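Working notes, structure below.
The values are calculated or read from the model by the stated rules, or taken from the named source; none is laboratory data. Computed from a prediction, not measured in an experiment: that's the story for all the values here. So basically every Cβ, Gly included, is an ideal-geometry build from the backbone, and we count neighbours across all protein chains shown. Only protein heavy atoms, including side chains, enter the accessible area calculation; ligands, DNA and RNA are left aside. Shrake-Rupley method; radii C 1.70, N 1.55, O 1.52, S 1.80 Å.
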Amino acid sequence: MATAPTSTGIMRRFAFMAAALALLGAFAVHRAWPPVGRAELAGTYQRATPLLLPVGNTPGQMVLHADGTLDLMGPPGQPAVHSRWYWDPQERLVRTEDPRWDRRIWMRSTLLGPRLCMRICDTPLLLDQEERDEAVDYVRTSTPSRP
Amino acid sequence: MSMLWHRSMRAHQQINWMAVLLLLFMLALAFLPAWKAVAGLERGATIDLHRDEAFVQALLEGHYGQDPTYLGGGMWYTPLITWLEALLTAITGLPAAHLIVRLGPFANLLAPIAFFAMCRQLLGPVRAVAATAAYLFWAVGQEPGWVVATYSHRLIPVSFSQSLFYVELMLIDKAFRTGRQGPALVAGLGAGLTFLAHAAPAMIAVLMIGVLTGIQAVQARRNKDNRTLRLCLTSCLFAAIGFLLASMPLTWRLLMGGMHVANREGFLFTYYALTWQHIGVLLHHNLTWFMLFGTAGLVLMLRRSGKLGTPRRARTILLSWLILATCLFIYSYSISVLDKHMGINLPALLPTFHFYFYASAVLSIFAGLAFTALCQWAWSRVQLRHSPQREVPRADLVMAFFLLIATGCTLKYPSYATRRDVIAVRNRDLAFQADQPGAQAAAVIRREVPWNGVVLCDLDLSVWPMLCTARHVVATASTMGNPYLDQKQREQDNALLLEGLEQPRSDTGGLLAQYGVTHLLAQPAQLARMPLAARWFPHELFRNDKYVLLMR
C-alpha cells in the first residue's frame, strides 16, 4: 500500500530539495566561471591530440610570456608567430595584436578546471558564415615564464 | 477507497511539483550563460538575424508580404518570428536589431518548457525530467546550437520554432487519443502555425498526422470497424483544413506567386560536419554518452521493452518522429549530393541539418528513457540485495532520482556554460560589434535609400552592411536570396554592373534601368578602381573609413 504523504512530509521534502538544488546551483556557477587572472594564464602550453578532430594548422606549442608576448610554434612548415597578448577577463579571451590570432584563443571550463583552447579554422570570424568554431585544447606544461 | 485515491493523487501531485522544481533549476542554469552571451550586444553577427531584421523593418515600414532584399519579390521566408519581433519592436520602441539579439535567451526558453510539457504528457513527469536534462545539458556538446535541438540564446527560426513543434506533438497526441474532430482541427491549426514559424517541424508534424491516421485506418479496416475508419478519415480532413487555415498567410502568397523554385542554394546547404570529408568532426561530436544512452533508449523502444514504461501511443509518436526526421534527412542529403556531384535536380525540401536537428531532439527523449530505466534496474538490484522487505515511499525514490539528475547537470555545467555555442558565438558577436563603420553605414543606408531604391554592391557588402537595412540590392548571397527568383541571373548581372563601373560596357545603362538601381555602395579601395562610378553615380551621400554610398 502506498505510504500517504502528509503535509509536513511534503513541505519537508520540498524544503530539502530546494536547499539541495540551491547548493548544487551555486557550486555549478562557481565551477563554470572561476576567476582567472592574467598572471595565472602565463605559461607554456602543448596542443592536445584529439582522436578524431582534425586540428588543421593550429600551433603545436603556445607560450604566453608573463611580459605580454606570445609565441606560437609549429606545426612543421608553418612559421613561428611572435606577437603581444593581453587577457580579457570579462570575456575570458586571449586578445593578440596579430589579427590572425586575435579572438582565436579562449578559456572554457571543465569539471577539472579551466582550459585554454584555440579555434581550429583560420577563416576570420566575420567571414565564416558557416561558423566552423571547433576548438582544440591546450594543456599547460610549465608555469609562467619570466622575461 | 476514496481516501486511497485521494492519497495516490496527492503523491502524484507531489511528484509533479518536484518535477517542476527541477525544471526551474535546469532552466535557471541554462538561462545564465545564454543571458551572459547577449549582454551588451546591440546587434548579432549571425546572417539569419540580419535577414529577420530586414523583414521586421519592412513590416514596420508597411511593406508586409514584400521581399526586403529583391525589389518586386514577395514574402519567401516563414514569417511568424518576424511578426512577433515586429510587434515587440513597435511596443517597446527599441531598435529591431537590439531587440532581436537580446530577446533570444528569453523567447527560446519556450523550447525547453514545451519540450518538458510534451514529455510529461507522453511519458509522465519523472521521465520528462530525465529527457529534459538530456535535451538541455547533454545533447549539445561542442556542436553549434542550430544543429542540435537544445536551448540556444539566438532567436533564429530553427531554435525558436521547435517550441511550437513540441506543443504540436501534444495536440497530435490529444487528437488521436480522443479521436474527435475538434482536437484534430486544433492539431491542424497547430501544424499550420508551426509552418509559419519554420517549414521543417511543420513537415514532420503533417507527415506524422498522416502516418498516425494511416495506422489507425489500417487497424480499423482490419477490425472491419467502419465507424472508426470514417471517424479517423474525417478527423484527418479536419486537421488538413486547420493546417490550411492557419498557414494561409504564407501558403496563399506562395501559391499566388507560383511555387517554382529558381534558387536552390538555400535548400541545398549542408552543415559541413555532415559532409564526407568532415566525418571526423561528426564522429568527434557524436561519440558521446548522450549518443550511447540515446541509442540504448531506441533499442529498448524498438524491442518494446517494458523497462521504459512507455505508453503505446507515445511509443508510436516517438518512433514515427524519429523515422520521419531520418527519412527527410536522407532525402534532403541525397538531393544535395545528386545536385552538387551529378547535376541531377530533384525537388529540394530544406537544408539537411533541420532534420538532423529534430532527430537529435527525439534522441534526447530516448536518452532520458534509457537513463531512467538504468536507474530503476540499479535500484531494484540494490533493494533485492540489501532490503527486499522494506518499502521506500515512491516520492522519496523520485526525489533521490531527481537529485541524481541535478548532480549530473551540475557536474556537466562548467563545460556546458562555456560551450562553443555560447563562447564562440559571443566572440563573433563582439568582433562584429567592433565594426562601427558598418553599423554607421547601415543606419545611413536605411535613412537615405527609399524603399523602392536598389543598391548596387558586391556580394560581401550585400550581406553586411546591406542585408539588415531592408533596402533592395541587385544580388545578395545565394543562401539569403529569394528562392523564387533567378539568383544566378542576378549574380551575373551584378558582376557585369560592377565591371561596367571599372571599364566601359554597352549594357551598363540597360542593366541599371532593368533593376532600377539608384545607389552604389562600395569600399573606398574598391571605388578607387571604378573610374566610371562617378559617371553613373555622381552624388556622394556618405563616406566613412570603410564604406562609401553614392546616388544616381
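Quick notes
- Eigen-decomposition of the gyration tensor built on the alpha-carbon atoms of the stretch B:184-331 gives equivalent ellipsoid semi-axes of 30, 28, 12 angstrom, largest listed first.
- Accessible-area composition of the stretch B:4-124, carbon plus sulfur, in percent [1.4 Å probe]: 68
- Taking the Kirkwood radius as Rh and the Cα radius of gyration as Rg, the stretch B:194-269 has a ratio of Rg/Rh equal to 1.12.
- Value of Rg to Rh for the stretch A:38-142, rounded to two decimals, is 0.93; Kirkwood radius and Rg both from alpha-carbon coordinates.
- Counted over all Cα-Cα pairs of the protein assembly as shown, pairs farther apart than 47 Å make up 24 percent.
- Ranked by the mean number of other Cβ atoms within 10 Å of their residues, highest first, the peptides B:362-371, B:406-415 come out as B:362-371, B:406-415.
- Accessible area in square angstrom per residue, the stretch A:94-138, 1.4 angstrom probe: 42
- Long-range amide H partners of A:Asp122 with built H, under 5 Å: none
- For the stretch B:358-491, with all protein chains in place and a probe radius of 1.4 Å, 57% of the accessible heavy-atom surface sits on carbon or sulfur.
- 10 Å Cβ neighbours from other chains, averaged over peptide A:25-35: 6
- For chain B, the longest principal axis of the C-alpha atoms and the axis of helix B:353-386 are separated by about 20°.
- Computed from backbone phi, the HN-Hα couplings of the stretch B:536-552 come to 8, 10, x, 9, 8, 9, 7, 8, 9, 4, 10, 9, 10, 10, 10, 10, 6 Hz, rounded to whole numbers (Karplus: 6.51 cos²θ - 1.76 cosθ + 1.60, θ = phi - 60°; Gly and Pro given as x).
- Beta bridges per DSSP, both residues in the stretch B:436-551: antiparallel share near 65 percent.
- Listed by chain and number, the lysines whose C-alpha is less than 24 Å from the C-alpha of B:Lys36, apart from same-chain residues fewer than 8 away, are B:Lys412.
- Projected over every direction and averaged, the convex hull enclosing the alpha-carbon atoms of chain B yields 30.0 nm².
- Neighbour-limited loop hits for trypsin sites (Lys or Arg not before Pro), the stretch B:308-398 (at most 11 other Cβ within 10 Å; DSSP other than H, G, I, E, B): B:Arg390
- With the convex hull drawn over the C-alpha atoms of the stretch B:142-218, the volume per residue is 88 Å³.
- Rounded to 5, percent antiparallel among DSSP beta bridges of the protein assembly as shown: 90
- Hydrodynamic radius of the stretch B:405-451 per Kirkwood, over alpha carbon pairs, in Å: 13.7
- DSSP bridge orientation in chain B - percent antiparallel, rounded to nearest 5: 70
- Förster-model FRET efficiency, 51 Å R0, B:Gln13 and B:Leu233, C-beta, rounded to 0.05: 0.85
- With the simple model of a label 7 Å out from the Cα in the direction of the Cβ, B:Leu87 to B:Leu346 spans 4.0 nm.
- Angstrom value of the Kirkwood radius, inverse mean 1/r, which spans all Cα pairs in the stretch B:436-551: 14.0
- For chain B: accessible area per residue (Å², 1.4 Å): 42
- Sites B:Leu287 and A:Phe27, calculated FRET efficiency, Cβ-Cβ separation with R0 25 Å, nearest 0.05: 0.30
- DSSP loop GluC sites (Glu not before Pro) with at most 16 other Cβ within 10 Å excluded, longest remaining stretch of chain B: B:62-390
- Neighbouring partner chain Cβ atoms per residue of B:279-286, average, 10 Å criterion: 3
- Dividing the mean sequence gap of close Cα pairs (under 8 Å, 6+ apart) by how many residues the stretch A:38-142 holds gives a relative contact order of 25 percent.
- Projecting the alpha carbon convex hull of the stretch B:4-68 along each direction and taking the average yields 8.3 nm².
- Rounded tilt (10° steps) of A:7-32 against the dominant C-alpha axis of chain A: 10
- Buried on assembly, the stretch B:11-43 (at least 10 Å² less accessible surface than by itself, 1.4 Å probe): B:Ala11, B:Gln14, B:Trp17, B:Met18, B:Leu21, B:Leu22, B:Phe25, B:Leu29, B:Leu32, B:Lys36
- Peptide packing for B:515-521, B:396-402, A:22-28 was compared via the average number of neighbouring C-beta atoms within 10 Å per residue; ordered from the highest value, the list is B:515-521, B:396-402, A:22-28.
- Within the straight-line cut-off of under 17 Å between alpha carbons, the lysines reachable from B:Lys488 are B:Lys340, sequence neighbours fewer than 8 places apart in one chain being disregarded.
- Distance from the stretch B:290-313 to the stretch A:90-147 (C-alpha centre basis), Å: 40
- Within 10 Å of each Cβ in B:153-163, the average number of Cβ atoms from other chains: 0
- Average Cα contact separation per residue, chain B, under 8 Å, 6 or more apart, as relative contact order %: 19
- Accessible area buried at the B-A interface, both sides summed, 1.4 Å probe (Å², nearest 100): 4600
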